[in-house]
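The values are calculated or read from the model by the stated rules, or taken from the named source; none is laboratory data. Owing to the predicted nature of the structure, the values given are computational and were not obtained by experimental measurement. Backbone-built Cβ (ideal geometry, glycine too); neighbour counts: all protein chains shown.
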Amino acid sequence: MGEKARELAGSNVDRIVEELNKAYADEWLAFYQYWVTAKLLEGRYAGHVAGELTRLATEELEHADELAERIVQLGGRPLAHPKQWMEQSTCGYKEPPRDTKDLDKAIRDTIDGERCAISVYKKLSEMTRETDHVTFQLIQHILEEELEHEDTFENLL
Ligand SMILES: [Fe+2]
Ligand SMILES: [Fe+2]
């Protein structure tokens, strides 16, 4: 824990840690959703969609890593049991389509997930803008990538 980091983050540091942990749960679920969907998709254009899903999955995992580091710096504990991911997630988990040729459903589920992530990070931005500059910068970086993810998948429809 960084004592100075906590002090700099301001008086609502515990609330920030709580929201960072909810976003951390979202990132793990998004990682797994995209990763396993990429494995399952079949059909003519499946390779391209699966490639993009795998790229996103890698970036969601990086986001989880960055959030975990910041949570620890602020004296928190990243959710340490996977069952807590479902309990605390805002954006939830969408199982890959039953019909593994249904690329359209996989793409729409991804877009929904990205839009949810964008609202989560928008809220975290507002929460940290005035008080916690370090977290704010991290959130801007993640938010930019989520916006790019949404755009990429919109263009696949
Ligand atoms: Fe993410
Ligand atoms: Fe994303």
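Give me the residue from region 19-45 that is without any contact (Cβ under 8 Å) to a residue 40 or more places away in the chain and either closer than 22 Å to E62 by Cβ or crowded, with 19+ Cβ neighbours inside 10 Å (or both) and, out of that set, nearest to ligand 1 (Cβ to nearest atom).
Top of the filtered list is F31.
Applying the selection to region 50-71, what residues are of a type in the set (K, R) and either loosely packed, with under 15 Cβ neighbours inside 10 Å or within 13 Å of ligand 2 (Cβ to nearest atom) (or both)?
Listed by number, the list holds a single entry, R55.
Determine whether L79 is in contact (Cβ under 8 Å) with a residue 40 or more places away in the chain and more than 16 Å from ligand 2 (Cβ to nearest atom).
The answer is yes for L79.
Which numbered condition trips up V17, out of (1) out of contact with any helix residue (DSSP H, G or I) (no Cβ under 7 Å at 6 or more places or on another chain); (2) part of a helix (DSSP H, G or I); (3) modelled with pLDDT of 95 or more; (4) of a type outside the set (D, E)?
Here V17 meets the rest and fails (1).
Can you name the number of the only condition in (1) away from ligand 2 (no atom under 13 Å from the Cβ); (2) in a helix (DSSP H, G or I); (3) in contact with a Ser or Thr (Cβ under 6 Å, 6 or more places away or on another chain) that P96 fails?
Answer for P96: the failing condition is (2).
Exactly one of these conditions fails for I111: (1) in a helix (DSSP H, G or I); (2) in contact (Cβ under 8 Å) with a residue 40 or more places away in the chain; (3) in contact with a Leu (Cβ under 7 Å, 6 or more places away or on another chain); (4) within 16 Å of ligand 2 (Cβ to nearest atom). Give me its number.
Looking at each condition in turn, I111 falls short on (3).
Looking only at residues in region 115-138 that are within 11 Å of ligand 1 (Cβ to nearest atom) and surrounded by 20 or more Cβ atoms within 10 Å (Cβ to Cβ), which one is nearest to the chain's Cα centre (by Cα)?
Going through the qualifying residues, I end up with A117.
Select from region 142-157 the residues that are free of Cβ contacts under 8 Å to residues at least 60 places away in the same chain and part of a helix (DSSP H, G or I) and write down the one among them that is farthest from L20 (Cα to Cα).
Looking at the filtered set, the residue picked out is E154.
What residue, of E60, E42, is out of contact with any Gly (no Cβ under 6 Å at 6 or more places or on another chain), charged (D, E, K, R) and under 20 Å from T152 (Cβ atoms)?
After applying the criteria, what remains is E60.
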